[in-house]
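Let me begin by presenting the structure, written as structure tokens, before commenting on it.
Laboratory data are not the source of any read-out in this text; all were calculated from the coordinates shown. What you are looking at is a predicted structure, and each value in this text was computed from that prediction instead of being measured. Don't worry about glycine lacking a Cβ; one is built from the backbone with ideal geometry, like all the others, and counts go over all protein chains shown.
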Amino acid sequence: TCSAKGITFDLTFADSIQMVYADLGKIQQVLYNLIDNAIKFSHEDSIIYIQTSIRYEKIFISIKDTGIGIPKIFERFYKTDLSRGKDKKGTGLGLAIVKEIIQAHGENIDVVSTEGVGTEFIFSLPKATAL
């Protein structure tokens with residue numbers, strides 16, 4: 001899908017590898033949902049930015065696109081008009097599930113979205129301490 005749309009990724013990771021306390025499968029689902037949405041709603045020949053950073057005892061993960069923006073974030077079953085097209089499949093539950101998973105980890109997810117400019121999701125996970 002990315003090749004067909006000419007979408008590339010810009011990955012920027014923290015200086016060192018960090019471990020977090022998290023449910024691997026659930027966080028994989030969060031990343032899949034956020035990246036899948038970024039791909040669906042990005043324009044052709046655009047870049048999706050994925051970044052990690054460390055602040056105090058938290059690891060922050062950011063997924064940012066320069067796509068169409070999302071007017072009603074985290075609303076269950078809400079799908080933008082463009083998502084109703086033939087090539088946009090889904091239930092409209094993805095972002096609500098993402099929010100629930102992050103909150104179940106005792107963490108937060110924030111979003112900045114401007115229609116016609118793009119969307120950035122930033123969530124945190126607790127940094128694991130060395131034993």
**Message:** Among 63-70, 111-118, how do they line up by average Cβ neighbours within 10 Å per residue, starting with the highest?
**Reply:** 63-70, 111-118
**Prompt:** Measuring from label point to label point, each 7 Å out along Cα→Cβ, what is the residue 100 to residue 8 span in nm?
**Reply:** 3.8 nm
**Prompt:** Under 5 Å between amide H atoms, partner at least 5 residues away or on a different chain: which partners does residue 46 have, H built in plane at 1.01 Å?
**Reply:** 7, 8
**Prompt:** Can you give the extra length, in nm with one decimal, that the chain gains between residue 58 and residue 17 once fully stretched, where that is 0.36 nm per residue apart less the Cα-Cα distance?
**Reply:** 13.4 nm
